[in-house]
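Beneath this line is the structure, given in structure tokens, with notes to follow.
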Amino acid sequence: MEPILQVENLTKQYPGFTLDHISFSVPRGTIVGLIGENGAGKSTTLKAILDLIRKDDGTVCLFGQELTEDRKDIKEDIGVVFDGIHFHETLTPKKVEKISEAAYKQWDPQVYQSYLRQFALPADKEIKTFSKGMKMKLSIAVALSHDPKLLILDEATSGLDPVMRDDILDVFMDFVQDESHSILMSSHITTDLEKIADYITFIHKGKIIFDKSKDELIYDYGIIRCNSSQFEKLDKEDILACRKRDYQWDVLVANKEKAARKYKDYVIDHAAIDDILLLYVKGDVLS
Ligand SMILES: Nc1ncnc2c1ncn2[C@@H]1O[C@H](COP(=O)(O)OP(=O)(O)OP(=O)(O)O)[C@@H](O)[C@H]1O
């Protein structure tokens, strides 16, 4: 089955930065997490997918079709939440509903009302009185109320407290239960992605470092902790990335069980997504 979103060789140049021929896909019924350091190119990728900025090269296929000038209707099927882009401050959730009703053919007032209740958002209060988290929740409620097939979320959970984040993650997981829905979300809160993502796409300095299943990353990857003489004995081809810290080396390997069989006296820890990202960004990448 074709993916909901297929990105091929997407390229965008800014002075001093290039999003460099990136390719990845979002399969149906899955959540793909986009990770990377500040300035890696995550928002640029999402904006180029949505045609909010002009791409220099590459193709973006949404629901099997390219988003061209005459196919802007495809956007109806996408729910978008961007950190920092909110509705006008003098609007209320009720007024936002009027605008959204006019903008989306598939707007569902009942779904919207139920999210306002679930997220404890007052329908008649002006948005300027809302906290950052409330604004985010309102954006998420709107994005989910026009029956989108794909949600594109840029740091959508960043202003939310842990309890609300957990509730929203449940909402996202429910959303993809049906195989025809998917989510592409960028996040610096990698523990959220560990909970809900099926795939992790890692962008570093405008290039894709990897695009892998989350289970492979968190169950297979490992970090060898060793001293310098042990480090010298490691096969360089086993090392994905490494970093020297005082007297210890942290060495990222793709298969911790294989490494444990091969390097019997070494300490090998589980690798969280943050550890993997840190080693790639701050360490030396060998393979
Ligand atoms: N409109 C623009 N004009 C010039 N440069 C830009 C523009 N938008 C983004 N950039 C540059 O592109 C690079 C990637 O930015 P982008 O916002 O995509 O990163 P990001 O991975 O989303 O970072 P963050 O995690 O901080 O949000 C940065 O160097 C940024 O300065």
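How do Thr68, Thr201 rank when sorted from fewest to most other Cβ atoms within 10 Å of their own Cβ?
The most exposed by this proxy come first: Thr68, Thr201.
Between Ala102 and Ala272, what is the label-point separation in nm under the 7 Å Cα-to-beta-carbon projection?
Once both label points are built, they end up 4.7 nm from each other.
Based on the Cα atoms of region 1-154, what semi-axes does the equivalent ellipsoid have, where each is the square root of 5 times one gyration tensor eigenvalue, given in whole Å with the largest first?
In descending order, the three semi-axes are 29, 18, 14 Å.
List the GluC sites (Glu not before Pro) within region 72-104 that DSSP assigns to loop and that have no more than 16 neighbouring Cβ atoms inside 10 Å.
Glu89
Compute the helix-to-body angle for 273-282: its Cα long axis versus the longest principal axis of the chain, expressed 0 to 90° and rounded to tens.
70 degrees
Could you work out which residue, out of Leu184, Leu153, Leu50, moves most in a Gaussian network model of the chain, that is, has the largest mean-square fluctuation with Cα springs under 10 Å?
Comparing Leu184, Leu153, Leu50 in the GNM, the peak value goes to Leu50.
With everything on Cα atoms, drop me the angle between helix 109-118 and the longest principal axis of the chain, reported from 0 to 90° to the nearest 10.
Between the helix axis and the principal axis of the chain, the angle is about 60 degrees.
Suppose R0 equals 41 Å. What FRET efficiency, 1/(1 + (r/R0)^6) with r the Cβ-Cβ distance, do His88 and Val285 give to the nearest 0.05?
Efficiency for this residue pair is about 0.40.
Quick one: helix 93-103 against the long Cα principal axis of the chain, what's the angle to the nearest 10°, folded into 0 to 90?
90 degrees
By counting other Cβ atoms within 10 Å of each Cβ, how are Thr44, Thr11 ranked from fewest to most?
Exposure proxy ranking, most exposed first: Thr11, Thr44.
Which distance in Å, rounded to a whole number, links the C-alpha centroids of region 36-70 and region 218-287?
34 Å
How large is the translational diffusion coefficient of the chain in µm² per second when you combine the Kirkwood radius over alpha carbon pairs with Stokes-Einstein at 4 °C and 1.567 mPa s?
Translational D for this selection: 63 µm²/s.
Beta carbons within 10 angstrom, averaged per residue: use that to sort the peptides 270-279, 28-37, highest first.
28-37, 270-279
In this model, which of Lys233/Lys256; Lys125/Lys149; Lys236/Lys262; Lys195/Lys236; Lys47/Lys207 are farther than 23 Å apart at the alpha-carbon?
Flagged as over cut-off: Lys125/Lys149; Lys195/Lys236.
Measuring from label point to label point, each 7 Å out along Cα→Cβ, what is the Arg225 to Ser114 span in nm?
4.7 nm
Given axes a ≥ b ≥ c from the Cα gyration tensor, I'd like to know whether region 43-84 is rounded (a/c under 1.5), prolate (a/b larger than b/c) or oblate.
oblate
Could you check the spin-label model distance between Arg245 and Glu257? Points 7 Å from the Cα along Cα→Cβ, value in nm.
Output for this residue pair reads 2.7 nm.
Cut-off is 10 Å between beta-carbons; in what order do Asp77, Asp154 appear when sorted fewest neighbours first?
Asp77, Asp154
Using only the Cα atoms of region 142-246, build the gyration tensor, take square roots of its eigenvalues as a ≥ b ≥ c, and label the shape rounded, prolate or oblate: rounded if a/c is under 1.5, else prolate if a/b is larger than b/c, else oblate.
prolate
Give me the extension gain from Asp147 to Ser213: residue separation times 0.36 nm, minus the current Cα-Cα distance, reported in nm with one decimal.
Fully extending the segment from Asp147 to Ser213 adds 21.1 nm.
At a 10 angstrom cut-off on C-beta neighbours, averaged per residue, how do the peptides 128-140, 257-269 rank from highest to lowest?
Highest mean packing first, the order is 128-140, 257-269.
Calculate how large, on average over all directions, the projected area of the Cα convex hull of region 64-114 is; give the answer in nm² to one decimal.
That works out to 5.0 nm².
Set the Förster radius R0 to 51 Å, insert the Cβ-Cβ distance between Ser131 and Asp56 as r into 1/(1 + (r/R0)^6), and round the FRET efficiency to 0.05.
The calculated FRET efficiency here is 0.85.
Laboratory data are not the source of any read-out in this text; all were calculated from the coordinates shown. In this text, all values refer to a predicted model and were calculated from it rather than measured experimentally. Note that each Cβ is placed from the backbone with ideal geometry, even for glycine, and that neighbours are counted across all protein chains shown.
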